[in-house]
Amino acid sequence: MENRLQIYNTLIRRVESFIPNEEGKVSMYTCGPTVYHFAHVGNLRSYIMEDLLEKTLRYAGYEVKRVMNITDVGHLSSDADTGEDKMLKGAKREHKTVMEIAKFYTDAFFDDCAKLNIKMPDVVEPATNCIPEFIHMVEVLLEKGYAYEAGGNVYFDTSKLEDYYVFSSQSEKELLVGVRDDVEEDANKRNRNDFVLWFTRSKFEDQALKWESPWGIGYPGWHIECSCISMKHLGEYMDIHCGGVDNIFPHHTNEIAQSESYLGHKWCNYWVHVHHLTDKTGKMSKSKGDFLTLSLLESKGYDPRVYRFFCLQSHYRKPLEFSYEALDNTVAAYEKLVKRVGSLKKGGEVDREKFNAYRQRFEEALCDDLNSSMALTVLYDMLKEDMGDATKYALAEDFDRVLSLDLTAAYAEKEADKGVDAELERYILEKIEERKGAKKEKNFARADEIRAELLEKGIILEDTREGVKWKRNIPWKRG
Ligand code: AMP
Ligand code: ZN
């Protein structure tokens, strides 16, 4: 198991052998969602690939402890501490309280994760749970001279560091291009990239969540969350920190600045970043207005696992362009794959030698900087190999510990669903006829009732010029 995984480390900008701080154990931290809106499928790409990393580590024999935060306070529209407060924006949009918004979108996020077979991290911690920890870190940074108060806020002083731009040799100007949304100057800052550790006298008069602090009533900056939450659960030395590439600057750069200044030593050894999902117009983002969610894909009839498969087909360090055409190809490939695995005869003896040889090939592909498409090739090769069904079935089950595509179960599930469809179809057609009759008699109440009865069974009626059409609301029901 030792040194098996080769992984690209953004800190040194190359692939290197993974060596954890403690033999056999891995501490891993993931930047969680800002829960002011649904996750878009781009966000979910990051979480799928991070899930793949965690499961690869477990498959390779490591014991993993994974922590994720939930950002329910402190994240402004721009990652550089300017613009609106995202949570407040969500609350205003929906006429709800910030905590209602946080609860609703946290639940929605984990629903999406469950549909994508993303494992729940061992620890999930909302930022609002850790205010005393944030305050403590800010106090220490002030004491050590790394922070200053100005205009009611506490800032981190980036000029105190020899190497603030740890991730890149790029110039400050180039890096700022990565900062999202509106960038406005904050006159309180001593240096352009100084960032807020604690806000007081919020510029948002209706700022909902505020806490007492030594600097007045206020709320934490976004970056401090991840430093404190990861240290709270994983200690002073961490193995892996992940996120999407847009987190490299300023978020992760600032996390390192404050954590290492606070600790006085190196903090995290490996920084793993997932590249963006794009569409024809560029990077997928929520600020663009309409954005693609998993529920939208479901309502169009796509199985969420197909989206997972779509992501696994390409490497996490390459941008991935989303299109319905590409997704349709993945639907066909997924159905064929699960049919093939689902049709394997169960029972009988497993050829241990072949099993181990394929298992090793599969693990090697994943351990080669998470080469998921190569891992899928190993799966296809294995299914083509001249060996008994029992061995193939056992291997598919084993590979699925990492791939999480429900390889052995999905086909039976889809077939069972079709069975229901045949029965349902007769019922639907009867109801459509009955509704036609009700409408003819101007009994619109009954017509509406029938529509509602069908909806309860997951069927949507559409009145079109060519007559009444029906479709499934969600074509499969899971968990
Ligand atoms: P947020 O909820 O905005 O804090 O983002 C959650 C995660 O999604 C972060 O790790 C981001 O880096 C990542 N992310 C944001 N946009 C994309 C995208 N288009 N493709 C992949 N990951 C993304
Ligand atoms: Zn973070």
- Query: List pairs: first in segment 270-283 and closer than 23 Å to Glu16 by Cβ, second more than 15 Å from ligand 2 (Cβ to nearest atom) and assigned to a loop (DSSP other than H, G, I, E, B), Cβ under 7 Å, 6+ apart or cross-chain?
  - Reply: Tyr270/Phe18; Trp271/Leu11; Val274/Tyr316; His275/Tyr316; His275/Arg317; His275/Lys318; His275/Pro319
- Taking segment 1-38, which residues are over 24 Å from the mean Cα position of the chain (by Cα) and either assigned to a loop (DSSP other than H, G, I, E, B) or buried (at least 19 other Cβ atoms within 10 Å of the Cβ) (or both)? Met1, Glu2, Asn3, Arg4, Ile12, Ile19, Asn21, Glu23, Gly24
- Message: Please go through (1) under 31 Å from the mean Cα position of the chain (by Cα); (2) surrounded by fewer than 18 Cβ atoms within 10 Å (Cβ to Cβ); (3) farther than 17 Å from Cys31 by Cβ for Thr158 and return the number of the only condition it doesn't satisfy.
- Response: (2)
- Message: Residues to consider are Glu100, Glu50, Glu54, Glu63; find the one that is on the phi < 0 side of the Ramachandran plot and at pLDDT below 95.
- Response: Glu100
- Message: Every residue in segment 130-155 that is surrounded by 14 or more Cβ atoms within 10 Å (Cβ to Cβ) and either free of Cβ contacts under 8 Å to residues at least 40 places away in the same chain or among the charged types (D, E, K, R) (or both), please.
- Response: Glu133, Glu139, Leu142, Glu149
- Note on the structure: Note on Thr34: of the conditions (1) hydroxyl-bearing (Ser, Thr, Tyr); (2) more than 30 Å from Asn153 (Cα to Cα); (3) within 14 Å of ligand 2 (Cβ to nearest atom), unmet is (2)
- Message: Among the residues that make up segment 438-456, is at least one of them buried (at least 19 other Cβ atoms within 10 Å of the Cβ), in contact with a strand residue (DSSP E or B) (Cβ under 7 Å, 6 or more places away or on another chain) and either of a type in the set (S, T, N, Q) or over 30 Å from Tyr316 (Cβ atoms) (or both)?
- Response: yes
- Task: Answer with yes or no whether Asp290 is within 22 Å of Leu44 (Cβ to Cβ), assigned to a loop (DSSP other than H, G, I, E, B), at pLDDT below 95 and acidic (Asp, Glu).
- Result: yes
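Condition check ((1) more than 16 Å from ligand 2 (Cβ to nearest atom); (2) closer than 30 Å to Asn371 by Cβ; (3) of a type in the set (Ser, Thr, Tyr); (4) surrounded by fewer than 22 Cβ atoms within 10 Å (Cβ to Cβ)) across all residues:
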position	(1), (2), (3), (4)
Arg45	yes, yes, no, no
Glu50	no, yes, no, no
Thr56	yes, yes, yes, no
Leu76	no, no, no, no
Thr82	yes, no, yes, yes
Lys92	yes, no, no, yes
Val98	yes, no, no, no
Ala102	yes, no, no, no
- Residue among Glu260, Glu325, Glu255 that alone is assigned to a helix (DSSP H, G or I), surrounded by fewer than 22 Cβ atoms within 10 Å (Cβ to Cβ) and within 16 Å of ligand 2 (Cβ to nearest atom): Glu260
- Considering segment 205-239, residues that are assigned to a helix (DSSP H, G or I) and of a type in the set (Ser, Thr, Tyr), and then whichever is nearest to Tyr29 (Cα to Cα), we arrive at Ser230
- Query: Of all the residues that make up segment 65-101, how many are in contact with a His (Cβ under 6 Å, 6 or more places away or on another chain) and without any contact (Cβ under 8 Å) to a residue 12 or more places away in the chain?
  - Reply: 0
- In segment 241-269, which residue that is of a type in the set (A, V, I, L, M) and without any contact (Cβ under 8 Å) to a residue 40 or more places away in the chain is farthest from ligand 1 (Cβ to nearest atom)? Leu263
- Query: Taking the stated definitions as given, is Tyr237 modelled with pLDDT of 95 or more, crowded, with 22+ Cβ neighbours inside 10 Å and within 28 Å of Glu22 (Cα to Cα)?
  - Reply: no
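Okay, residues lined up against (1) closer than 30 Å to Glu16 by Cβ; (2) at pLDDT below 95; (3) outside any helix (DSSP H, G or I):
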{"residue": "Tyr358", "(1), (2), (3)": "yes, no, no"}
{"residue": "Glu397", "(1), (2), (3)": "no, no, no"}
{"residue": "Thr408", "(1), (2), (3)": "no, yes, yes"}
{"residue": "Ala445", "(1), (2), (3)": "no, yes, no"}
- Identify, please: which residue in segment 287-308 is crowded, with 18+ Cβ neighbours inside 10 Å and of a type in the set (Lys, Arg) and is, among those, nearest to ligand 1 (Cβ to nearest atom)? Arg308
- Among the candidates Arg58, Arg66, Arg14, Arg45, residue that is over 17 Å from Asn247 (Cα atoms), among the charged types (D, E, K, R) and within 16 Å of ligand 1 (Cβ to nearest atom): Arg66
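The values are calculated or read from the model by the stated rules, or taken from the named source; none is laboratory data. Worth saying up front: this structure is predicted, and the values here are computed from it rather than measured. Positions of Cβ are generated from backbone atoms using ideal geometry, with glycine treated the same way; all protein chains shown enter the neighbour counts.
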